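Below you'll find the structure, written out as structure tokens, and then a few comments.
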Amino acid sequence: MRREKTFVSLFDVFNGLLMIVVCAIMIYPFIYVFSLSVSDPAFVETGKVTFLPIGFNLHAYDMYLRQTDVVRAYFNTVVYAVSGTAVTLLLTSLTAYPMAVKNFYGRSVFMFIFAFTMFFNGGMIPTFILVRNLHMINTIWAVIIPSALSAWNLIIFITFFKEIPESLSESATIDGANDWLILFRIILPLSKPVFATVGLFSIVGHWNSFLGPFLYLNDKEKFPLQLALRKMFDVQYRIGTESFLPKDVQTPLVSYRCAAIFLSVLPIVCTYPFLQKYFIKGVMIGSLKG
Amino acid sequence: MKKKKFSGGLIGHIKKRPALYLMILPGLLWFIIFCYVPMYGVVIAFKDYSIGQSFFAGKWIGLRHFVSFVNDPYFFRLMKNTFLLGFYDLLWGFPLPIIFALLLNEMKANKFKGAVQTISYLPYFISTVIIVGMMFSILSIDGVVNTFLSNFGIKPVLFFSEPGWFRTLYVASGIWQGLGWNSIIYLAAISGINPELYESAKIDGASRFRQAVSITVPCIIPTISILLIMKIGSVLNISFEKVYLLYSPSTYETADIIGTYVYRRGFLSYDYSYSTAVGLFQSGISLILLSTANYFSKKLSESSLW
């Protein structure tokens, strides 16, 4: 540990101020968007709101949450996130366990097969054609399956599994346990941290996912949150009854959109500080190994 | 990486521990179907392909699509935009997290440092749609920036319709999103530096700045090199999502990249073969860039990807 100096130099002051500025820049958009969503419509429409709210009303939120297609979008996102993450965790752990077993024959070949995909992929069009030929277009499968696995997550799992002492599996084998039992009774219960890390990344990924649903889903009723949000921003001026936008004209479009943004980031902003360590751990393992 | 030959030994091993191979089977199939089949699928770039066929069908026409692309009136614009966008992203977006990590490392107030880190990681978890949405709000005609400018008598700037602003918006939002998160790996590398190096430097009377320049930076050069190689290799792989969400026909001049062109030609005009060829062209160039960067890094600093 470096010895702590007790005096503060000019540089430290400068550094501290710089950091405060950086933090302010990071936070400001959230505050601005929030203010736009709760301020009095009169001030919003004349562009008077710049930082803090002026006036306070929740009309925009009221309209936003009354939209059935908006609520359904949230519901869809939760369904996709939960099922997608379950599939990811199951499949990734199943695939990773043999790779972590000592003397697993063929491991380096498999590793090459998996790692190669980190550098090369078929691209947007061939993947789309594949999904289409598999008749997954416009189904939940197109949202879950093509993104179910990644070499990245696999490496994180393999690294973690390797850390588990072999003595545990060895003594189980002596007791007559087969590989399935070892995996489910011994390894997995010890794997809560890695499940948390990969699981959280997966959930956040699904929450934020736009491109997959954009390319593969056609029915409005199946849209997840980000796709719905995008639809709200697509129109410049409201003409009649667009999807995901309220029918009344009282709420300024700006306030409505900002309410939408705010309610979409809120879950992330609220939960993420507590889960930070999982994400960081994941990145470290993944980057160092990769 | 060695490639083991598949001899009778494999069958023997499968018989010995069948469970392991059964476990890896679904995942293996997944990689084959969803990663390698599309890789094979790029072969349609060399064929006259129509939708609904398998990747094996279609008349072979060789490099015709590639030739068409090079002669495409948009070819130069697409290459220029894709390259410049990636280049500016590299130029500004690569060094800043490193500097941020170095400055963060100098901070002594640990609680403050922790708070700064937490706050700086946050933008990374925000989706592209929302970031673009925020940008729309802040930079709109009656958004805070234009209101501010009007106080000085400057006319409102249409940030999203003027080609000149696109690159700045793209790169700046990338920095906003990635500054904190990308500094993590550098901070990790810095924390791995042997403290004795600093001790002896202090005894020799080195100032903090001198310590940073002569100890910290050289020790993380290997990390920087690897990440730099990877970044250079992917300089052309611009995030389709952000460009697509940020651009509009009026900014195509600077905003239209190979990826978005591939999207329009493929999904909106149904030219599947042609757009795949264009995408493959981009991958080819990326590969050349990656290999070149790797080669030079090996020569100059002994660290490389392969």
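What Kirkwood Rh does the range A:51-117 have if only Cα atoms enter the pairwise 1/r average? Answer in Å.
16.5 Å
Just for the Cα atoms in the range B:107-201, what are the lengths along the principal axes, largest first, rounded to whole Å?
For the range B:107-201, the Cα spread along each principal axis is 58, 28, 25 Å.
Show me the three semi-axes of the equivalent ellipsoid for the range A:100-139, from the C-alpha gyration tensor (sqrt of 5 times each eigenvalue), largest first, rounded to whole Å.
Largest first, the range A:100-139 gives 31, 13, 7 Å.
Measure off, as a whole percent, the carbon and sulfur share of the 1.4 Å-probe accessible area of chain A, all protein chains present.
68 percent
Which pairs break 28 Å Cα to Cα here: A:K162/B:K15; A:K192/B:K298; A:K162/B:K299; B:K108/B:K202?
A:K192/B:K298; A:K162/B:K299
Working out 0.36 nm times the residue gap between B:V67 and B:E199, then minus their Cα-Cα distance, what length gain in nm do you get to one decimal?
Length difference between fully extended and current span is 41.3 nm.
Give the average, rounded to an integer, of partner chain Cβ atoms located within 10 angstrom of each Cβ in A:252-260.
Per residue, the number of nearby Cβ atoms from other chains is 2 on average.
Could you please put B:L10, B:L246 in sequence from largest to smallest accessible area, using a 1.4 Å probe?
Accessible-area ranking of B:L10, B:L246, largest first: B:L10, B:L246.
Expressed in whole Å with the largest first, what are the equivalent ellipsoid semi-axes of the range B:1-129 derived from the C-alpha gyration tensor as the square root of 5 times each eigenvalue?
The answer is 42, 34, 14 Å, longest axis first.
What is the percent carbon and sulfur in the accessible area of chain B, measuring with a 1.4 Å probe over the protein chains and ignoring ligands?
Looking at chain B in its full context, I get 67 percent from C and S.
Rg and Dmax of the range A:100-252, using alpha carbons, in Å: what are they?
Rg, Dmax (Cα atoms, Å): 22.1, 73.
Which of A:N15, A:N208, A:N138 moves most in a GNM of chain A, Cα contacts under 10 Å?
Comparing A:N15, A:N208, A:N138 in a Gaussian network model of chain A, the most mobile one is A:N15.
Quick one: length gained pulling A:T139 to A:S9 fully straight, 0.36 nm per residue minus the C-alpha distance?
The span from A:T139 to A:S9 would gain 40.7 nm if fully extended.
Starting from one equal scatterer on each C-alpha and no solvent at all, send me the Debye-based log10 I(q)/I(0) for the range B:10-64 at q = 0.21 Å⁻¹, two decimals.
Each listed q maps to, in turn, -0.77.
Taking the Kirkwood radius as the inverse of the mean 1/r across Cα pairs, report the Rg/Rh of chain B.
Value, to two decimals: 1.05.
Return the tail of the calculated pair distribution for the range A:147-228, meaning the percent of Cα-Cα pairs more than 21 Å apart.
49 percent
Please pull out the direction-averaged projected area of the range A:20-151, using the convex hull of its alpha-carbon atoms, in nm² to one decimal place.
Averaged projected area of the range A:20-151's Cα convex hull equals 14.1 nm².
What is the distance in Å between the Cα centroid of the range A:11-42 and that of the range A:89-134?
Taking the Cα centre of each part, the range A:11-42 and the range A:89-134 sit 42 Å apart.
Length gain on complete extension for the stretch B:S250 to B:T118, per 0.36 nm per residue less the alpha carbon to alpha carbon distance?
Gain on stretching B:S250 to B:T118: 43.7 nm.
Relative to the Cα centre, what is the charge dipole magnitude of the protein assembly as shown, using +1 at the beta carbon of each Lys and Arg, -1 at the beta carbon of each Asp and Glu, and rounding to the nearest 20 debye?
1380 debye
Percent of Cα-Cα pairs more than 19 Å apart in the range A:184-234, please.
Pairs farther apart than 19 Å: 45 percent.
If you wrap a convex hull around the alpha carbons of the protein assembly as shown, what volume per residue comes out, as a whole number of Å³?
Per residue, the Cα convex hull of the protein assembly as shown comes to 193 Å³.
Step through the residues of the range B:170-187 one at a time and calculate ³J(HN,Hα) from phi using the Karplus curve (6.51 cos²θ - 1.76 cosθ + 1.60, θ = phi - 60°), rounding each to whole Hz and writing x for Gly and Pro.
For the range B:170-187, the Karplus-derived couplings read 4, 5, 4, 5, x, 5, 4, 6, x, 3, x, 4, 6, 7, 4, 5, 6, 4 Hz, x marking Gly and Pro.
Assign unit charges at the C-beta atoms only (+1 for Lys and Arg, -1 for Asp and Glu), then state the dipole size of the range A:1-89 relative to its Cα centre in Debye, rounded to the nearest 20.
Using Cβ point charges on Lys, Arg, Asp and Glu, the range A:1-89 gives about 360 debye.
Assuming R0 = 30 Å, can you tell me the calculated FRET efficiency for the pair B:I14 and B:N237, based on Cβ-Cβ distance, to the nearest 0.05?
Taking R0 as 30 Å, the efficiency between B:I14 and B:N237 is 0.20.
Under a 1.4 angstrom probe, counting protein chains only, how are A:W180, B:W60 ranked by accessible area, largest first?
Ranking A:W180, B:W60 by accessible area, largest first, yields B:W60, A:W180.
Sequence-distant or interchain residues sharing an amide H contact under 5 Å with B:K47, placed H: which?
Close amide H contacts, sequence-distant or interchain: B:I61.
Please report, in whole Å, how far the alpha carbons of the range A:1-94 spread along each principal axis, starting with the longest.
Cα extents, longest axis first: 59, 57, 15 Å.
Taking a spot 7 Å from the Cα of A:Y28 along the direction of its beta carbon, which residues of the range B:151-176 have an amide N less than 20 Å from it?
Under cut-off, by backbone N: B:151-160, B:165-176.
Pick from B:Y88, B:Y244, B:Y40: which is most flexible by mean-square fluctuation in a GNM of chain B where alpha carbon atoms under 10 Å apart are linked?
In this elastic network of chain B, the residue with the biggest mean-square fluctuation among B:Y88, B:Y244, B:Y40 is B:Y40.
Computed from the mean reciprocal separation of all distinct C-alpha pairs, what Kirkwood hydrodynamic radius does the range B:179-248 have, in Å?
Mean inverse Cα-Cα distance, inverted, gives 14.7 Å.
Grab the beta carbon distance between B:I154 and B:L96, set R0 = 30 Å, and tell me the FRET efficiency rounded to 0.05.
Between B:I154 and B:L96 the formula returns 0.60.
Would you mind getting the accessible area per residue of the protein assembly as shown, heavy atoms of the protein chains only, 1.4 Å probe, in Å²?
Value returned for the protein assembly as shown: 49 Å² of accessible area per residue.
Provide the buried accessible surface between chains A and B in square angstrom, both chains summed, 1.4 Å probe, rounded to the nearest 100.
By this definition, chains A and B bury close to 8700 Å².
Kindly provide the Kirkwood hydrodynamic radius of chain A in Å, to one decimal, from all pairs of distinct alpha carbon atoms.
So the Kirkwood estimate lands at 22.7 Å.
Once you mark the trypsin sites (Lys or Arg not before Pro) that are in a DSSP loop and have at most 15 other Cβ atoms within 10 Å, what is the longest gap between them in chain A?
That would be A:103-237.
With an 8 Å Cα cut-off and a minimum separation of 6 or more residues, compute the relative contact order for chain A in percent.
Answer for chain A is 31 percent.
Can you bin every Cα-Cα distance in the range B:218-306 into 5 Å intervals starting at zero and give me the percent of pairs per bin, rounded to whole numbers?
Final binned percentages: 3, 14, 18, 17, 15, 11, 10, 8, 4, 1, 0.
Averaged across the residues of A:200-206, what count of C-beta atoms belonging to other chains lies within 10 Å of each residue's C-beta?
1
Give, rounded to the nearest 20 debye, the magnitude of the charge dipole that chain B has about its Cα centre when Lys and Arg contribute +1 at Cβ and Asp and Glu contribute -1 at Cβ.
With only Lys, Arg, Asp and Glu charged at Cβ, the dipole is about 1180 debye.
Could you pull the accessible area for B:W165 with a 1.4 Å probe, rounded to 10 Å²?
100 Å²
Can you give me the orientation-averaged projected area of the convex hull built on the Cα atoms of the range B:56-107, in nm²?
6.5 nm²
Go ahead and collect, in residue order, the members of the range A:112-152 whose backbone nitrogen is under 20 Å from a label point 7 Å along the Cα-Cβ direction of B:S54.
Only A:122, A:126-137 pass the distance filter.
The values are calculated or read from the model by the stated rules, or taken from the named source; none is laboratory data. Note that the structure is a prediction, hence the values are computed from the model and not measured. Note: ideal-geometry Cβ built from the backbone for every residue, glycine included; neighbour counts use all protein chains shown. Ligands, DNA and RNA are stripped out before the accessible areas are found, and what is left, the full protein with its side chains, is counted by its heavy atoms. Shrake-Rupley method; radii C 1.70, N 1.55, O 1.52, S 1.80 Å.
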